[in-house]
Amino acid sequence: MAFKELINPSSIAVIGASNDITTPGGSLIKNLIISSFKGSIFLVSGKESKIQGIPTYKNLMDIPDTDLAIIADDQGDCLSQIEILCEKKSCKAIIIYSDKISSRILTKEEDVKARIKEICNTFSVTLIGPNSSGVANSNYSSLYTRSLLNKEGSVEIISSSRTMISNFVENAPKYGMKISGAYSVGYSYQTTVEDILAWMDENWSDCTGKVIALHIEKISNSVEMIKHCRSLRNKGAGLVGMLASSTKVVNALFIKCGIIRAYGIAEMFNIAAILTKGKPSGERINILTQAGGPAVLLSDVLSQNGVKIPQIFFEDYNFGKTAGQISSLIEKYDKDPKCDAMVVIFGGKGMSDAAEISNVIFRVINKTKKPLYPLFSSESSYSEYISEYHNRGGVTFSDAIVFGRALSKVIHSALLPQDKSTPAIDKYLIKRVIDECPEGWMPPFMVQQILDASGINRIRQIVALSEEDTVNAAINIGYPVVLKVIGPLHKTEVDGVSLNISDEHTLRSEYERMSNIEGVTGFLVQPMQDDNFTELYIRAERHENFAPLIMCSLGGIFADVMEDITYSLAPVSNKEADQMIESLKAYPILKGYRGQEGVNQITFNDTIRRVSALCIAAPQIEELELNPLFGDENQTIVAGARIKIKK
């Protein structure tokens with residue numbers, strides 16, 4: 001795609017230009033002028049001869065060739081305009097403001113969408129939108145919101161929603177954040193959030209931003225998103241994002257990408273502002289305050305989220321104390337190896353000399369080695385000083401609770417390394433079994449083949465199709481045994497599992513009882529495990545546009561009732577698997593508890609990664625579950641497994 005013409009066009013055509021700056025077509029022209037765009041501007045209007053001092057063209061066919069075209073007209077035939085731009089005007093990038101793509105030729109929206117994509121792809125044209133609010137960077141601003149971009153800014157914004165990008169651009173200055181770039185992808189007919197991230201990854205040295213703020217409404221390609229986000233993080237970019245979904249797969253994706261997930265605009269602003277000053281090197285935060293209430297709220301939130309607070313200073317800096325005291329405290333703790341960052345909380349009027357205290361903060365802006373976060377509990381009392389602080393490159397905060405949550409997330413955010421080594425599995429055998437398997441739940445003998453090909457340790461089991469087969473299998477394995485039905489999906493719910501069968505009489509009796517269960521097509525005979533094992537659980541799911549989601553937990557009520565489950569997207573690295581295990585609330589049980597033998601974390605980790613490798617090798621696996629899965633200090637071993645295939 002022609003990102004060069006989108007990012008740095010030599011000419012821009014505007015269809016639907018207006019003198020009314022309250023309309024998209026009018027505000028856009030104003031912002032192009034304000035941003036000092038150095039190229040040619042071609043305006044199309046059937047009503048005005050000049051718009052904001054620029055001559056117009058009555059017809060789109062009359063304009064010269066153009067690098068970029070912006071369709072700001074809700075009334076026109078969007079499809080016909082795109083055809084002219086691509087076929088007649090050598091246009092290489094198009095931004096569509098409108099959410100209307102009606103056409104005189106095609107009536108169905110999906111048909112119009114397909115035709116627009118076809119034209120743009122045929123002529124190698126980059127398409128942004130529909131429903132975009134434009135693009136802005138150091139070269140030009142085509143946003144139709146207020147243009148507040150700063151060439152020295154430190155935040156780049158990518159958004160699926162034009163309302164959200166307008167909100168961010170207009171409100172970020174309240175925190176002192178300066179926006180260096182904004183990209184509104186809208187409905188993403190062609191260009192997606194992932195595409196913009198890919199461009200930023202390839203050109204990060206040319207971007208002035210330190211932080212990328214993302215508002216995403218859909219994921220088009222999780223693999224590409226992970227690739228470019230991780231690369232950007234490794235290049236020093238801070239990533240914060242919102243996505244209109246609470247699903248576990250989104251959380252797993254953000255963690256894998258190194259994106260700090262925000263819930264709500266205020267939290268997103270706070271995280272982005274914190275990231276502009278860099279992540280603290282540790283989790284020890286000193287609080288200097290002249291306002292007790294906000295300090296208590298902040299310390300409570302930080303403590304609840306695992307952040308250490310070595311010191312809270314009330315007495316040294318309180319009620320009329322000199323600015324010199326806070327200056328000396330900042331200097332002291334900037335050198336203190338036991339402090340990783342400082343928060344300075346300002347109270348209301350009358351608590352100190354605002355001018356003196358503010359001047360102290362002004363002097364240390366961007367000079368302290370450690371991050372310094374000013375929190376103004378009363379913004380109105382310090383409005384003129386806050387404004388000056390922002391002008392000097394500082395960021396400020398006002399809500400102790402929101403700031404505390406945001407700071408906690410930044411401190412605990414980590415990009416886990418991705419080791420390229422994966423457990424060795426027999427991909428050829430796996431492919432052969434998958435190819436031979438029909439859609440739906442895989443037969444048990446094929447599940448055994450898949451587990452063996454993946455190197456997943458399993459309990460020996462024999463498939464029995466008759467009563468005598470069942471008896472012979474038990475003799476072969478040795479009593480006591482477990483008898484399970486084949487057929488019903490949830491065996492325990494239909495009473496299709498019989499444990500600790502110690503003799504042939506009991507086995508035959510259980511066989512007769514369980515043969516009457518609806519849907520039974522056969523039986524599995526397994527050796528009975530002793531009581532020293534801890535029950536575990538591993539599951540994999542496939543979601544559209546996402547890599548396989550791998551989950552782990554303790555078995556039984558821990559997964560079903562307490563929902564103590566951790567997640568990661570495949571491929572799962574060695575450290576990611578360890579983090580999954582160690583993040584479980586029940587992790588102390590896995591280490592051994594009250595005389596109970598612990599679980600071998602190395603073999604549990606290995607099983608998680610083998611499931612991950614299997615799901616990558618076999619994209620036809622829609623669901624996979626290892627349940628029950630047993631672990632002790634020596635091994636992790638599968639006692640039950642099911643796999644669902646979708647081709």
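Please report, in cubic angstrom per residue, the volume enclosed by the convex hull of the alpha-carbon atoms of segment 148-287.
Enclosed volume per residue, from the Cα hull, is 119 Å³.
Starting at the first residue of segment 271-284, write each ³J(HN,Hα) from the Karplus equation 6.51 cos²θ - 1.76 cosθ + 1.60 with θ = phi - 60°, in whole Hz, x for Gly and Pro.
5, 4, 5, 4, 5, 5, 9, x, 6, x, 6, x, 10, 9
Could you list which residues have their amide H under 5 Å from that of K491, counting only those 5 or more apart in sequence or on another chain, with H placed in the peptide plane?
Residues meeting the amide H criterion: none.
From the gyration tensor of the Cα coordinates in segment 443-559, what semi-axes in whole Å does the equivalent ellipsoid have, largest first, with each one equal to sqrt(5λ)?
Result for segment 443-559: semi-axes of 27, 16, 15 Å.
When the chain is fully extended, how far beyond the present Cα-Cα distance does N121 get from N500, taking 0.36 nm per residue of separation?
That works out to 130.0 nm of additional length.
Please state the shape class of segment 504-647: rounded when a/c is under 1.5, otherwise prolate if a/b exceeds b/c and oblate if not, all from the C-alpha gyration tensor.
Taking the square roots of the gyration eigenvalues as a ≥ b ≥ c, segment 504-647 is oblate.
Determine the gain in length on full extension of the stretch N8-E110; use 0.36 nm per residue of separation and subtract their C-alpha separation, reporting nm with one decimal.
Between N8 and E110, full extension yields 33.6 nm more.
Helix 222-234: angle to the longest alpha-carbon principal axis of the chain, degrees 0 to 90, nearest 10?
Compared with the principal axis, the helix lies near 60 degrees.
Can you pull the percent of the chain's accessible area that's carbon plus sulfur, 1.4 Å probe, other chains left in place?
48
Check cross-link reach from K420 to the lysines: straight Cα distance under 20 Å, and skip same-chain residues fewer than eight apart.
Candidates past the 8-residue exclusion: K227, K235, K256, K575.
Have a look at segment 248-293 and give its Rg and Dmax from the Cα atoms, expressed in angstrom.
14.2, 43
Can you figure out the FRET efficiency of V296 with D65, using R₀ = 51 Å and their beta-carbon distance, to the nearest 0.05?
Efficiency for this residue pair is about 0.20.
Once segment 493-568 is represented by equal point scatterers at the alpha-carbon sites, with solvent omitted, what log10 I(q)/I(0) does the Debye formula produce at q = 0.11, 0.21 Å⁻¹?
Calculated log10 I(q)/I(0) at the listed q: -0.49, -1.01.
Given an 8 Å cut-off on Cα distances and at least 6 residues of separation, report the relative contact order of the chain as a percent.
Dividing the mean separation by the residue count of the chain yields 9 percent.
Given the convex hull over the Cα atoms of the chain, what projected area results after averaging over all orientations, in nm²?
The orientation-averaged projected area of the Cα hull of the chain comes to 35.3 nm².
Would you mind checking K174/K248; K100/K248; K248/K591 for any pair whose Cα atoms are more than 28 angstrom apart?
K174/K248; K100/K248
If amide hydrogens are placed 1.01 Å from N in the peptide plane, which non-local residues have theirs closer than 5 Å to the one on N150?
I179, S180
Plugging the Kirkwood radius over Cα pairs into Stokes-Einstein for segment 227-313, at a temperature of 20 °C and a viscosity of 1.002 mPa s, what D comes out in µm²/s?
Estimated via Stokes-Einstein, D reaches 144 µm²/s.
Report the Cα centroid-to-centroid distance between segment 501-527 and segment 30-81 in angstrom, as an integer.
Answer, in whole Å: 78.
With the crude spin-label approximation of a point 7 Å out along Cα→Cβ, what separation in nm comes out for R642 versus E87?
Taking the two extended label points, one gets 5.5 nm.
Counting DSSP beta bridges in the chain, what percent are antiparallel, to the nearest 5?
Here the share of antiparallel DSSP bridges comes out near 45 percent.
Could I have the simple spin-label model distance between N457 and K235, label points 7 Å from Cα toward Cβ, reported in nm to one decimal?
For the pair N457/K235, the computed spacing is 4.4 nm.
Rounded to the nearest 20 Debye, what is the dipole magnitude of the chain about its Cα centre when Lys and Arg each give +1 and Asp and Glu each give -1 at the C-beta?
2380
Less than 13 Å from a label point 7 Å out along the Cα-to-Cβ axis of N472: which backbone N atoms in segment 501-533 qualify, by residue?
none
Measure out, as a whole number of angstrom, how far apart the alpha-carbon centroids of segment 167-188 and segment 379-426 sit.
16
Which value in nm describes the separation of the simple spin-label points at T208 and Q596, placed 7 Å from the Cα toward the beta carbon?
Label at T208, label at Q596, 5.9 nm between them.
Taking a cut-off of 21 Å between Cα atoms, list the lysines near K30, but don't count ones fewer than 8 places away on the same chain.
Cross-link targets: K38, K47, K50, K58, K151, K178.
Suppose the Debye formula is applied to equal point scatterers at every Cα of segment 432-506; what is log10 I(q)/I(0) at q = 0.13, 0.14, 0.21, 0.26 Å⁻¹?
Per q value, in the given order, log10 I(q)/I(0) is -0.48, -0.55, -1.10, -1.30.
Mind checking the angle between helix 504-515 and the chain's longest principal axis? C-alpha axes, 0 to 90 degrees, to the nearest 10.
Approximately 50 degrees, to the nearest ten.
Tell me, in nm to one decimal, what length is gained between R508 and I54 on full extension, where the rule is 0.36 nm per residue of separation less the Cα-Cα distance?
Gain in length upon complete extension: 154.1 nm.
Please give the per residue accessible area of the chain, computed with a probe of 1.4 Å over protein heavy atoms only, in Å².
Accessible area per residue, the chain: 44 Å².
Can you give me the angle between helix 24-34 and the longest principal axis of the chain, using Cα atoms only, in degrees from 0 to 90, rounded to the nearest 10?
Once rounded, the angle reads 70 degrees.
The values are calculated or read from the model by the stated rules, or taken from the named source; none is laboratory data. Predicted model, so just to flag it, every value in this text is computed and none were measured. So basically every Cβ, Gly included, is an ideal-geometry build from the backbone, and we count neighbours across all protein chains shown. Just the protein is used for accessible areas: all its heavy atoms, side chains included, with ligands, DNA and RNA removed. Shrake-Rupley method; radii C 1.70, N 1.55, O 1.52, S 1.80 Å.
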